[in-house]
1. Restricting to segment 52-102, count the residues that are under 18 Å from the mean Cα position of the chain (by Cα) and of a type in the set (Lys, Arg).
2. Exactly one condition in (1) more than 23 Å from Val29 (Cα to Cα); (2) modelled with pLDDT under 95; (3) hydrophobic (A, V, I, L, M, F, W, C) is false for Ala251; which is it?
3. Under 6 Å between Cβ atoms, at least 6 apart or on separate chains: pull out the pairs that start in segment 204-229 with a residue that is free of Cβ contacts under 8 Å to residues at least 24 places away in the same chain and end on any residue that is more than 12 Å from the ligand (Cβ to nearest atom).
4. Within segment 75-112, track down each residue that is in a loop (DSSP other than H, G, I, E, B) and either acidic (Asp, Glu) or on the phi > 0 side of the Ramachandran plot (or both).
5. I'd like the full set of residues that are more than 16 Å from the ligand (Cβ to nearest atom) and open to solvent by 50 Å² or more (accessible area, probe 1.4 Å), limited to segment 171-194.
6. Would you be able to tell me the number of residues in segment 134-170 that are open to solvent by 60 Å² or more (accessible area, probe 1.4 Å), touching a residue at least 40 places away in the same chain (Cβ under 8 Å) and part of a loop (DSSP other than H, G, I, E, B)?
7. Suppose the filter is crowded, with 16+ Cβ neighbours inside 10 Å, within 16 Å of the ligand (Cβ to nearest atom), modelled with pLDDT of 95 or more and among the small types (Gly, Ala, Ser); does Ser64 pass it?
8. Which residue out of Ala72, Ala25 is among the hydrophobic types (A, V, I, L, M, F, W, C), in contact with a Ser or Thr (Cβ under 8 Å, 6 or more places away or on another chain) and either in a loop (DSSP other than H, G, I, E, B) or surrounded by 14 or more Cβ atoms within 10 Å (Cβ to Cβ) (or both)?
Amino acid sequence: MRKKVVAGNWKCNTTLQEGVDLAKAVNNVVNEKGADDVVVVLGTPFTHITKAIENVDTKRIGVSAQNCAAEAKGAFTGEVSAAMIKSTGAEYVILGHSERREYYGETSETLNKKLALSLENGLTPIYCCGEPLEIREAGNQKEYVIKQLKETIFNLSADEFGKIIVAYEPIWAIGTGKTATTEQAQEMHKDIRDSIADQFGEEVANNTSILYGGSCNPKNANELFANPDVDGGLIGGASLKADDFIQIINAY
Ligand code: PEP
């Protein structure tokens with residue numbers, strides 16, 4: 001049975017103190033309300049991971065990095081390895097976010113190295129895919145996204161694939177206030193699940209959590225999460241406001 005997941009992606013936002021306050025605020029409500037049927041994840045900057053972990057009940061809330069190095073270790077100034085992330089107590093790592101693909105030249109080749117290192121080190125990758133606006137306007141979103149999957153996560157073994165979370169994030173909806181309609185989200189999530197079934201079989205496909213990301217907020221979360229193939233959300237802007245993020249968690 002696949003899990004429902006609501007994961008925040010704080011991106012390059014919050015000072016350490018602001019991040020601790022945000023983690024505490026989310027933790028208080030999650031602890032009060034239970035939210036036991038939803039896996040809650042906070043995707044913090046590297047600098048905040050340890051403190052975030054100290055300030056949440058890690059049985060209820062997982063902490064995620066937003067990237068990791070493509071190399072295991074060595075002379076790679078400024079990089080943070082999967083092993084380092086794991087050693088903090090973080091459990092997740094967001095990989096392949098469109099901002100990393102676009103601004104930092106992340107390719108499928110780099111992503112394959114990052115996926116392998118994350119899995120070797122026992123981290124759960126939250127693998128992002130999604131099409132730009134021109135591809136959506138041309139109606140080629142399915143081919144585009146399936147190609148991203150084929151070049152990366154479909155190279156994993158079924159056992160490895162069973163450990164990852166997929167996030168479908170149409171680039172035109174990220175941070176734009178423009179959300180995919182519930183039909184657009186469901187259609188693509190179903191396409192992704194079907195392609196996983198073709199690659200790894202029905203059981204793996206049915207057990208894979210596929211999250212929606214792109215201007216998800218307290219007003220639209222309910223409708224988006226009601227889709228049979230939408231298993232939660234990867235939340236950017238709205239994860240920076242504790243009240244909004246909590247309302248999204250409670251949309252389940
Ligand atoms: C994201 O960047 O992963 C994201 C979904 O951002 P937003 O919710 O702000 O659109």
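The values are calculated or read from the model by the stated rules, or taken from the named source; none is laboratory data. Quick caveat: nothing in here was measured; it's all calculated off a predicted structure. Neighbour counts are summed over all protein chains in view; Cβ atoms, including those assigned to glycine, are modelled from backbone coordinates with ideal geometry. All accessible areas refer to the heavy atoms of the entire protein, side chains included, with ligands and DNA or RNA removed. Shrake-Rupley method; radii C 1.70, N 1.55, O 1.52, S 1.80 Å.
1. Result for segment 52-102: 4.
2. It is condition (1) that Ala251 fails.
3. Within 6 Å, the pairs are Ala205/Arg193; Ala205/Ile196; Ala205/Ala197.
4. Quick first cut of segment 75-112, residues in a loop (DSSP other than H, G, I, E, B) only: 75-81, 89-91, 96-97, 104-107.
Of everything in segment 75-112, those that are in a loop (DSSP other than H, G, I, E, B) and either acidic (Asp, Glu) or on the phi > 0 side of the Ramachandran plot (or both) turn out to be Gly78, Glu79, Gly89, Glu91, Gly96, Gly105, Glu106.
5. Glu183, Glu187, Lys190, Asp194
6. 1
7. Numbers: crowded, with 16+ Cβ neighbours inside 10 Å: yes; within 16 Å of the ligand (Cβ to nearest atom): yes; modelled with pLDDT of 95 or more: yes; among the small types (Gly, Ala, Ser): yes.
Here the answer is yes, as Ser64 does meet what is asked.
8. Details: Ala25 fails: in contact with a Ser or Thr (Cβ under 8 Å, 6 or more places away or on another chain).
The conditions single out Ala72.
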